1. Which value, in Å², gives the accessible area per residue of the range 110-241 when a 1.4 Å probe is used on the protein heavy atoms?
2. What list of ³J(HN,Hα) values in whole Hz, one per residue of the range 228-240 in order, does the Karplus curve 6.51 cos²θ - 1.76 cosθ + 1.60 (θ = phi - 60°) give from phi, with Gly and Pro shown as x?
3. What residues qualify as long-range amide H neighbours of Lys56, i.e. H under 5 Å apart, gap of 5 or more or another chain, H built at 1.01 Å from N?
4. Could you tell me how far the Cα centroid of the range 146-194 sits from the Cα centroid of the range 252-314, in Å?
5. In whole Å, largest first, what are the principal axis extents of the Cα atoms in the chain?
6. Among Ser149, Ser225, what's the order by accessible area (1.4 angstrom probe), most exposed first?
7. Quickly work out the Ile96-to-Ile168 label distance, labels modelled 7 Å from Cα along the C-beta direction, and quote it in nm with one decimal.
8. For the chain, what is the number of Lys pairs with C-alpha distance below 23 angstrom, counting only pairs 8 or more positions apart or on separate chains?
Amino acid sequence: MEQAETVHKTALNPSYARTWKKLRRYSVLFIMMVPGLLYLFINNYLPMLGIVIAFKDINFTKGILNSDWIGFKNFEFLFKTTDAYIITRNTLLYNISFIIMNLIAAVALAILLNELKNRFLSRFYQSAVLLPYLISTVIIGYLVFALLSGDSGMMNKQILPMLGIKEISWYGETQYWPYILTIVSVWKGAGHLCVIFLAAIVGIDKEYYEAATVDGASRWQQIRSITLPLITPVITIMTLFAIGRIFYSDFGLFYQVPLDAGALSSVTNTIDTYVYRALLTLGDIGMSSAAGVYQSVVGFALVILSNYIVRKINSDNALF
């Protein structure tokens, strides 16, 4: 009966026939998509129902749905605290510097790796630059401690004496940590971006470089006139993704690497670490949920705005 109805609709509507033909043709691919879509729904979209927690005074005896509705009072915690300016400033300035430095380092590494003609060395260096991205931040925190420890750190015991500089109390001096955290972020994250940019460079048609070589262009001229313009869309997309999380911070980087040192809180405290400490102290999940909603909404707005600006400049480089 259903087959007869399908045949009848197909005969009456040619567009329906084409749609049905495509569904049958790509049915295997649609079936393969089901596990990924199911995971995306369960992991990314279903938890969004919990957004109501940000607007309620959670009482576990009443349950989430029956808890009292308090509107935007949970959001006031972030904006009325005396540390609101510090944590917002740190989160924004650090992320801006991380975006810029990681992009520059990743593009430079990708171009250098592409210039390697030895296949073994190219694979080796790709693995070497990607390895820090796969290391736990806890381990990175202890590696930094081994380097900067006041008692046995390599900087104080070996490097600084060679330079004739007296020992520094690294975990008590705030002026050094913006640079330390930026270096650690670039060391950890540039390798991941580098692999993405390298894949984009490898996909460039070799005929462009051959034509440029015939015209007498140097390697630097080829990089500047061919490589960089052709990977600009990928660079733009990755930048937009990073801008979307500009109000988030790498919790491990700002909490584990400085070893939660109280003396460094003015330069290491961000929205995420502040909410974490407040959650441990107050146990208020409504406040922490409000912070997450605030970060997501602002990040979404920044992505839309940034993409709009990119589209006005060059629509081909826009994300959507």
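1. Numbers: 8020 Å² over 132 residues.
For the range 110-241, the per-residue accessible area is 61 Å².
2. Going residue by residue, I get 4, x, 7, 9, 4, x, 5, 4, 5, 4, 5, 5, 5 Hz, with x marking Gly and Pro.
3. Here Ile70 satisfy the definition.
4. So the separation of the two Cα centres works out to 24 Å.
5. Cα spread of the chain along its principal axes, largest to smallest: 87, 75, 36 Å.
6. Ser225, Ser149
7. Calculated label separation equals 2.4 nm.
8. Eligible lysine pairs with Cα atoms under 23 Å apart amount to 7.
The values are calculated or read from the model by the stated rules, or taken from the named source; none is laboratory data. This structure is a prediction, so every number in the text was calculated from the model and none was measured. Backbone-built Cβ (ideal geometry, glycine too); neighbour counts: all protein chains shown. Heads up: the accessible areas ignore ligands, DNA and RNA and are worked out on the full protein's heavy atoms, side chains in. Shrake-Rupley method; radii C 1.70, N 1.55, O 1.52, S 1.80 Å.
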